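This report concerns only the one structure given below.
Nothing in this text is a laboratory measurement; each read-out follows from the coordinates by a stated rule. From a predicted model like this one, the values you see are computed outputs, not experimental measurements. Note that each Cβ is placed from the backbone with ideal geometry, even for glycine, and that neighbours are counted across all protein chains shown.
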Amino acid sequence: MKFLANLGKVFDRINIIMVIISAVFLLGLTFIVGADITLRYLFLRPLGWVKEISEYILVVLGFLVAAWILKDDGHVKMDLVLTKVGPRAQTLMNIITSAISTIVVLVITWFSVRVIFQFYQTKLLTPSVLEPPKWILIVPIGVGSLLLAVQFIRRTFDFVRKWKTLNKQKGNP
């Protein structure tokens, strides 16, 4: 059990690193967009690559912080039903939704990893101003999805533990 606790700490550190990376990207995005606006309106010389880079950074931001947000239960959720039922029913619903979410995110992870390797092998480039290799653009989706899947697995097991505790308190086996 200590091994899993240590593994959880390592995973939490990885999530924090992803948040720091995302913060650096966000800071960079703020800088390049500000520079582009300044150059466009003061000198009539916009940077042609800013829109493209901005799109890539937004994908990075969305995927790299998803697991960290889930850890703190920060994702948008519909709790209209959850607030109307007791703790055991809430926990059971959370187990079900977390398990389903795990499966969905693992499918996304699997397909993104397959696409990354396919794009890497074919050396496919993005038809754009910068023409980056397409596989590089998919990596944040694969990494972020994998981290999110692991966090959903952790969340599911946490709810299963809570379910067992609630059942013991109620007097059920």
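Calculated [222 nm] ellipticity per residue, helices only, for the chain: -28000 deg cm²/dmol; basis is -39500 (n - 2.57) per DSSP H run with n ≥ 4, divided by all residues, nearest 500.
Exposure proxy ranking for 120, 56, based on other Cβ atoms within 10 angstrom of each Cβ and starting from the fewest, stands as 120, 56. The phi-based Karplus calculation (6.51 cos²θ - 1.76 cosθ + 1.60; θ = phi - 60°) puts the 3J(HN,Hα) values of the stretch 10-24 at 4, 4, 4, 5, 4, 4, 5, 4, 4, 5, 5, 4, 5, 5, 5 Hz, whole numbers, x for Gly and Pro.
Once you place label points 7 Å from the Cα toward the Cβ at residue 12 and residue 104, how far apart are they in nm? In this crude label model, residue 12 to residue 104 measures out at 2.7 nm. Pairs with C-alpha atoms separated by more than 21 Å, drawn from the list 2/162; 77/170; 9/71; 77/168; 84/162; 9/134, are 77/170; 77/168; 9/134. Residues 159, 117, arranged from fewest to most other Cβ atoms within 10 angstrom of their Cβ, appear as 117, 159. In this rough spin-label picture, where each label sits 7 Å from Cα along the Cβ direction, the residue 165-residue 85 distance is 2.0 nm.
What is the distance in Å between the Cα centroid of the stretch 55-85 and that of the stretch 95-173? Taking the Cα centre of each part, the stretch 55-85 and the stretch 95-173 sit 13 Å apart. Considering the stretch 2-170, its Cα convex hull presents a mean projected area of 13.2 nm².
Just to verify a number: FRET efficiency for residue 55 and residue 78, C-beta to C-beta distance, R0 = 35 Å, to 0.05? According to the calculation, E is roughly 0.75.
With both labels modelled 7 Å from their Cα along Cα-to-Cβ, the residue 41 to residue 128 distance reads 2.5 nm.
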